[in-house]
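A quick write-up on the structure given underneath.
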Amino acid sequence: MGKEIFTTFEISQFCNVFITTVANWIDEGKLPAYRTPGGHRRVVRRDLLNFLEKYGIPIPEALLANDEKKILVVDDNPDMVDIIVQALQRSNPHYIIRTANNGFEAGKQVVTFRPHVAILDVVLPGLDGLQLVQNLRKDPLTKPMHVIVITGHDERSTRKEFQNLDVDAYMEKPLSLDLLVKRVSEVLKADSSKEASSSKEKS
């Protein structure tokens, strides 16, 4: 599982802020914490993760357990977003999920949240799904991110464009939630296998 308790100094390093800022978050009740017998503030990992999620602060990989993967769900239909989020949470309650309802917000979330997987609709306000994926694939930092595309208007030319951008799946609406959840799990397990192989090679 890894480290479960963090000091204010460690949190300041994660968040790139001063230790006094972390202390203020705790004193203001924004970040739950307890004090040691010596009076030092300590924060439990789950409370820290909840805090980072609530305030949109990037979550360092070092804070995540093996089954705590970050997923971004992007769709301008709030009902569809809720359905997808609920299905993902049922399949794995340890998933850390954020949402966006347009392409521009999705782009911001990708930069700050750094999801392992993005599930996005093709037709989005502002920046559509195709433009968003094109941007992601151009950036070396986001190029490795898994992308699952969902669409209610399947066209051969659109499907071909996304396939050329190396998306992990292209799924039509009405959406099979079981298939979506399975695909998300598969790409994340593939990542874990690669990481394990890489660790063995280094050792």
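Each reported figure results from applying straightforward, stated rules to the coordinates on display, with no laboratory input. All of these numbers come straight from a predicted model, not from anything done at the bench. All Cβ positions, glycine included, derive from the backbone under ideal geometry; neighbour counts span all protein chains shown.
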Checklist entry - Just a yes or no: is a residue in the range 112-120 more than 23 Å from L63 (Cβ to Cβ) and part of a loop (DSSP other than H, G, I, E, B)? => result no
Next on the checklist: Checking the structure you have, find out if any residue of the range 15-25 is among the hydrophobic types (A, V, I, L, M, F, W, C), in contact with a Cys (Cβ under 8 Å, 6 or more places away or on another chain), farther than 25 Å from T142 by Cα and in a helix (DSSP H, G or I).
Outcome noted: yes
Checklist entry - Going through the range 3-14 one residue at a time, which ones are among the β-branched types (V, I, T), surrounded by 15 or more Cβ atoms within 10 Å (Cβ to Cβ) and not in a helix (DSSP H, G or I)? => result T7
Next on the checklist: Name the single residue that is farthest from G103 (Cα to Cα) among those in the range 51-75 being acidic (D, E) and not in a loop (DSSP other than H, G, I, E, B).
Outcome noted: E61
Checklist entry - Which condition does R98 not pass, out of (1) over 13 Å from the mean Cα position of the chain (by Cα); (2) surrounded by 18 or more Cβ atoms within 10 Å (Cβ to Cβ), if it passes all the others? => result (1)
Next on the checklist: What's the total number of residues in the range 82-108 that are aromatic (F, W, Y) and part of a helix (DSSP H, G or I)?
Outcome noted: 1
Checklist entry - In the range 23-50, what count of residues is obtained for those that are surrounded by 11 or more Cβ atoms within 10 Å (Cβ to Cβ) and in contact with a strand residue (DSSP E or B) (Cβ under 8 Å, 6 or more places away or on another chain)? => result 14
Next on the checklist: If I filter the range 48-56 for residues that are over 19 Å from V147 (Cβ atoms) and either touching a residue at least 60 places away in the same chain (Cβ under 8 Å) or touching a Cys at 6+ places or on another chain (Cβ under 6 Å) (or both), do I get at least one hit?
Outcome noted: no
